[in-house]
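Each remark here refers to the structure printed beneath this line.
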Amino acid sequence: EVTFSTRHFSLYVVGYEEPLRLPFTDVPGDYWAYGEILWAYEKNVVTGKTDTLFQPEGTMTRQQVWMILARLSGADPANMSAAREWAVTNGVSDGTTPGGAVTRQQLVALLYRYATLMGYANDQRADLSDYPDAGTVAGYAVEPMQWSVANSIVGGTSNGTLDPTGTATRAQFAVILYRFWDQVG
C-alpha cells in the first residue's frame, strides 16, 4: 500500500520508514518542485528523459501533453500519433505543431478541454485584469486561463504576469499537473 502526503510531498510504502525518492540526479531533494515531480513520476504520468535524468528545465511538447492526458483518461495510446488522434477526436487539441514546446496558454487550454471532456470543469472564472499582460492571452485561451487562475492551477508568474506565450518547463508542468489533479482528481 502506498500513501502520499501532500503537505510534505513524501511518498511512503506502508511498512517502510523511508520515503520513496526520485532516481534523477538532476532533481535534488531540496529542488523547488521535488514533491510534484515525485508525484508525477510515481503516478507514471511524467517520466524522466533517461533513467537518471529528468531535465526539469527542459520543455514539454504538445504531443507529450496529449499522451499524458490520454493516459489520465484511461486510454493507452501506443505512440505519439495515437495520442494525437485521441486528442483531436476528443476535442482536446487541434493536433497542430506536435513537436512544438507547449506554451502556458496552450497548456491551460488543453487542461481545460480535458477537464470539460471528463466532466471535471467547473464554472469558476477569475478576472484577469490584475495581470498587466492579460490582454496578450489569445482568444481561445481566455476562458481556460480564467478557469485556471480561479482554480489555482496556473496563475501569475513570480513577476506578476500570466506569461501566456512563455513555455512551460518539465518542472513547471509537473507542478501544474499536480495542482490540476488536486482540483479534479
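Worth a mention:
- Only a single criterion out of (1) free of Cβ contacts under 8 Å to residues at least 40 places away in the same chain; (2) of a type outside the set (Ser, Thr, Tyr); (3) within 18 Å of residue 60 (Cβ to Cβ); (4) out of contact with any Lys or Arg (no Cβ under 8 Å at 6 or more places or on another chain) is not satisfied by residue 76, namely (3).
- Residue count, the range 64-97 (criterion: buried (at least 16 other Cβ atoms within 10 Å of the Cβ) and among the β-branched types (Val, Ile, Thr)): 3
- Out of 152, 158, 93, one residue alone is of a type in the set (Ser, Thr, Tyr), over 14 Å from the mean Cα position of the chain (by Cα) and modelled with pLDDT under 95. It is 158.
- In the range 161-182, the residues that are more than 22 Å from residue 54 (Cα to Cα) and surrounded by 18 or more Cβ atoms within 10 Å (Cβ to Cβ): 162, 163, 164
- Here the range 98-141 is the region considered, the condition is being more than 18 Å from the chain's Cα centre (by Cα) and of a type in the set (Val, Ile, Thr), and the residue that is surrounded by the most Cβ atoms within 10 Å (Cβ to Cβ) is 137.
- Flag for residue 61 being at pLDDT below 90, open to solvent by less than 80 Å² (accessible area, probe 1.4 Å) and of a type outside the set (Gly, Ala, Ser): no
The values are calculated or read from the model by the stated rules, or taken from the named source; none is laboratory data. Treat the numbers as computed from the prediction; the structure is a model and nothing was measured. No Cβ is skipped: glycine too gets one built from the backbone with ideal geometry, and neighbour counts run over all protein chains shown. These accessible areas exclude ligands, DNA and RNA; they are computed on the full protein's heavy atoms, side chains included. Shrake-Rupley method; radii C 1.70, N 1.55, O 1.52, S 1.80 Å.
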